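One structure is given here, and the rest of the page talks about it.
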Amino acid sequence: MPKTLIVAAGGRVARRVAAALCARGEPPRALVRDATKARAVLVDHRGASLPLEVVVSDVANRDGVRAALTGIDMAFLALGSSLQQVELEQRFIDVAAEVGLPHLVNLSAAEARGDSVASVLRWHAAIESHLAASGIPHTLLSPSTFADVLMLAAPSIRAADRWSGSAPHGRNALIDSADVVDAAIAVLCEPSKRGTRHVLTGSVALTWAEVAACLTKVLRRSIRYDAVSIEEQRAQLEASGLAPWRVELLLGLDEISRSDLYATPTDIVRQLTGHPPRTVEEYIERKLAAFS
């Protein structure tokens, strides 16, 4: 059975990929920085600890990464957004190339380009370029904006039945992160689905006003999306105490929507997983407690 390494396995996507592999009877190895914190989230749907091997090391530690890659046939790399993401993922790629990793599955982003309107897409473009130059056989999972971004608006929706943003007109085929996990499992478990880029989106491109209508339908109360200027949104984000890089990231997400960058849905989720993408309404239904 091929052995898979989940890098930074405590991450929000990575932990669910690890759990899904365990459920299939194919427990991976998990590379984590903090074993105690990781064990708290590396659990199955019943809350039981996952039966996987844990290697403790920072991704920046070359010797630790080298040890984690020993005997590994494939790795899944999906670090969360941060100022260190590009450097850390490139360092991992360097060590993986040195040891001759047979295949790397990298969670990237759709339309990642060096001249992109959004910082997060520029970061992923740098990682993709480094990976291509490394010579490691690889697969890119390139999702649109996660529907999970609604969790950032949940406190405002819960308190005031509204939230604000600077993208009232653009469309975005939001994808449920659960579909990204399913797509990752399909690629990790089926060799025929590797070696290419998979652009993952939801089935319908929506404006934020239409997302508000979805919230209204599911929550059974009127929810509004209030359009504000970019300057107003920046001021609101800065006033909330967010770090400057995170402010720029969130402003970039609205720019993605305003520019219709993700306005064209793909059918790749269905092709990879055999099921259609989950809808925004289904996502909201799963997260009712956050909005109520």
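Given only helices, namely DSSP H runs of n ≥ 4 each adding -39500 (n - 2.57), what is the per-residue ellipticity at 222 nm of the chain, to the nearest 500 deg cm²/dmol?
Details: 13 runs with 133 residues, N = 292.
After summing the helix terms and dividing by residue count, I get -13500 deg cm²/dmol.
For Leu242 paired with Asp44, estimate the spin-label separation in nm (one decimal), with each label point 7 Å from Cα along the Cα-to-Cβ line.
3.8 nm
Scattering from the C-alpha atoms of segment 217-290 alone, worked out with Debye: what is log10 I(q)/I(0) at q = 0.11, 0.24 1/Å?
With no solvent term, the Cα-only Debye profile gives -0.47, -1.10.
Give me the number: length gained by fully extending Arg197 to Ala209, i.e. 0.36 nm times residue separation minus the C-alpha to C-alpha distance, one decimal in nm. Mind showing how you got there, number by number?
Details: separation 12, 0.36 × 12 = 4.32 nm, distance 3.07 nm.
Additional length available on full extension: 1.3 nm.
Efficiency by 1/(1 + (r/R0)^6): what FRET value for Lys3 and Met151, r their Cβ-Cβ distance, R0 = 45 Å, to the nearest 0.05?
Numbers: r = 33 Å, r/R0 = 0.74.
Efficiency at R0 = 45 Å is approximately 0.85.
Any idea how far apart Val99 and Arg158 come out in nm if each label point goes 7 Å out from Cα toward Cβ?
For the pair Val99/Arg158, the computed spacing is 4.1 nm.
Quick check: with the 1.4 Å probe, what order do Ser119, Ser156 take by accessible area, largest first?
On the way: Ser119 15, Ser156 50 Å².
My answer, sorted largest first, is Ser156, Ser119.
Report, in degrees rounded to the nearest 10, the 0 to 90 angle that the Cα long axis of helix 119-134 makes with the longest principal axis of the chain.
20 degrees
Mean separation of Cα pairs under 8 Å and 6+ residues apart, divided by the residue count of segment 1-119: what relative contact order is that in percent?
On the way: 184 pairs, mean separation 32.2, N = 119.
That works out to 27 percent.
Any number yet on Rg/Rh for segment 101-185, C-alpha, Kirkwood?
On the way: Rg = 16.0 Å, Rh = 15.0 Å.
On the Cα set of segment 101-185, Rg over Rh gives 1.07.
Compute the relative contact order of segment 93-193 as a whole-number percentage, counting only Cα pairs closer than 8 Å that sit 6 or more residues apart in sequence.
Details: 98 pairs, mean separation 28.0, N = 101.
So the answer I get is 28 percent.
For segment 1-137, with only Lys/Arg (+1) and Asp/Glu (-1) charged at the beta-carbon, what is the dipole magnitude about the Cα centre, in debye rounded to 20?
460 debye
Any aspartates and glutamates with Cα under 20 Å of the Lys287 Cα? List them, leaving off those in the same chain fewer than 8 positions away.
Asp44, Asp148, Asp161, Asp176, Asp179, Asp182, Glu210
Mind checking the log10 I(q)/I(0) for segment 140-292 at q = 0.10, 0.18 Å⁻¹? Debye, one equal scatterer per Cα, no solvent, two decimals.
-0.37, -1.08
Could you list the residues of segment 86-121 with an amide nitrogen less than 12 Å from a label point located 7 Å from the Cα of Arg66 in the Cα-to-C-beta direction?
Taking a point 7 Å out along Cα→Cβ of Arg66, the residues of segment 86-121 whose backbone N falls under 12 Å are 95-96, 98-100.
Amide H of Leu206: which non-local residues (sequence gap of 5 or more, or other chain) have their own amide H closer than 5 Å, using H built in the peptide plane?
Under 5 Å from the amide H of Leu206 lie the amide H atoms of Asn172, Ala173, Leu174, each far enough along the sequence or on another chain.
Could you give the size of the charge dipole of the chain about its Cα centre, using +1 on the Cβ of each K and R and -1 on the Cβ of each D and E, expressed in debye and rounded to the nearest 20? Display every interim value, and only then the final one.
Details: 32 positive and 33 negative charges, 149 e Å.
Once rounded to the nearest 20, the dipole reads 720 debye.
At a 1.4 Å probe radius, carbon and sulfur cover how many percent of the accessible area of segment 1-153?
Values: 3360 of 6560 Å².
Heavy-atom surface of segment 1-153 belonging to carbon and sulfur, 1.4 Å probe: 51 percent.
In Å², and per residue, what accessible area does segment 36-84 have when probed at 1.4 Å with the other protein chains present? If you can, show how the numbers build up before the last one.
Values: 2650 Å² over 49 residues.
The answer is 54 Å² per residue.
With the other protein chains left in place, how much accessible area per residue, in square angstrom, belongs to segment 154-292 at a 1.4 angstrom probe?
Working: 6550 Å² over 139 residues.
About 47 Å² of surface per residue is accessible.
So what J values fall out for segment 102-113 if you push phi through Karplus, 6.51 cos²θ - 1.76 cosθ + 1.60 with θ = phi - 60°, rounded to Hz, Gly and Pro as x?
x, 7, 10, 9, 10, 7, 10, 7, 5, 6, 6, 9
What ³J(HN,Hα) values, in whole Hz, does the Karplus curve 6.51 cos²θ - 1.76 cosθ + 1.60 give for segment 3-9 when θ = phi - 60°, with x put for Gly and Pro?
3J(HN,Hα) across segment 3-9, in whole Hz: 9, 10, 9, 9, 7, 6, 5.
Please give the helix 230-239 orientation as an angle from the longest Cα principal axis of the chain, in degrees from 0 to 90, rounded to the nearest 10.
That works out to roughly 70 degrees.
Name the lysines eligible as straight-distance cross-link partners of Lys3: C-alpha to C-alpha under 29 Å, and not fewer than 8 places from it in the same chain.
Lys37, Lys193
Let me have the relative contact order for the chain, percent, based on Cα pairs under 8 Å that are six or more residues apart. Each step should come with its number before you reach the end.
On the way: 559 pairs, mean separation 50.7, N = 292.
Dividing the mean separation by the residue count of the chain yields 17 percent.
The values are calculated or read from the model by the stated rules, or taken from the named source; none is laboratory data. Not measured: the values here are computed from a predicted model. All Cβ positions, glycine included, derive from the backbone under ideal geometry; neighbour counts span all protein chains shown. Ligands, DNA and RNA are excluded from the accessible area calculation, which covers all protein heavy atoms including side chains. Shrake-Rupley method; radii C 1.70, N 1.55, O 1.52, S 1.80 Å.
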